[in-house]
1. Quick check: convex hull over the Cα atoms of the range 71-149, volume per residue in Å³, rounded to an integer?
2. Counting alpha carbon pairs within less than 8 Å and at least 6 residues apart, what relative contact order, in whole percent, applies to the range 18-143?
3. Taking the Cα atoms only, what angle lies between the long axis of helix 20-38 and the longest principal axis of the chain, rounded to 10 degrees?
4. Would you calculate, for the chain, the mean residue ellipticity at 222 nm contributed by helices, counting each DSSP H stretch of 4 or more residues as -39,500 (n - 2.57) and dividing by all residues, to the nearest 500?
5. For the peptides 124-130, 103-109, 72-78, what is the packing order when you average, over each peptide's residues, the other Cβ atoms within 10 Å and list the highest mean first?
6. The list (1) 0.96; (2) 1.17; (3) 1.09 gives values of Rg/Rh (Cα atoms, Kirkwood Rh), and only one came from this structure; which label was calculated from it?
7. What ³J(HN,Hα) values, in whole Hz, does the Karplus curve 6.51 cos²θ - 1.76 cosθ + 1.60 give for the range 98-106 when θ = phi - 60°, with x put for Gly and Pro?
8. By how many degrees, 0 to 90 and rounded to 10, does the Cα axis of helix 40-59 deviate from the longest principal axis of the chain?
Amino acid sequence: MNFYTILASGFGTGYAPKAPGTFGSLLGLALGAALLTIGHLPLLFGIVAVTAFGIYAISRLPEHAALDPGWIVIDEIAGQMIPMLALTDLSFWGALLCFGLFRLFDIWKPSLVGWADKRHDEYGIMGDDIIAGVFAWAVVLALHLVSPL
């Protein structure tokens, strides 16, 4: 296993026997929570860094032109961190909401998420989860209008 495979697999979480995307999302949730405790700017930098490293690592894999293989979860890690930007403070319920909404949009693949998923390159693999994360972020922001999170 080379460095790019380790990175793309979320340090091995992508090799979980069942639901590797969920395990990758949980790693993204943990990383996002750790960065959010420092502040929103470190979280934003973390998202940008994971996204950039993900695009680079996937482009270096021989399988990158194929359909998004389940073991590549760096896209879930980056996408899961995005809705956490909408949280004012880290809380169990806020993190759970971000996790649930991201997974919903990632699995459902509405509109732009599905469009990006049809690309069969590193930008499509990363892009569908980035867009799913932005959709979840928008819902969390909208929920701030009715209730603090």
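Every number here is computed from the coordinates shown, using simple stated rules; none is lab data. Values in this document were obtained by computation on a predicted structure and should not be read as measured data. A quick note on method: Cβ atoms are made from the backbone with ideal geometry, for glycine too, and the neighbour counts reach across all protein chains shown.
1. Spelled out: Cα convex hull of the range 71-149, divided by residues, is 81 Å³.
2. Rounded, it is 32 percent for the range 18-143.
3. The angle comes out near 50 degrees.
4. Value at 222 nm, helices only, nearest 500: -21500 deg cm²/dmol.
5. 72-78, 124-130, 103-109
6. It is the one labelled (1).
7. Karplus values, whole Hz, x for Gly and Pro: 4, 4, x, 5, 4, 4, 4, 5, 5.
8. 20 degrees
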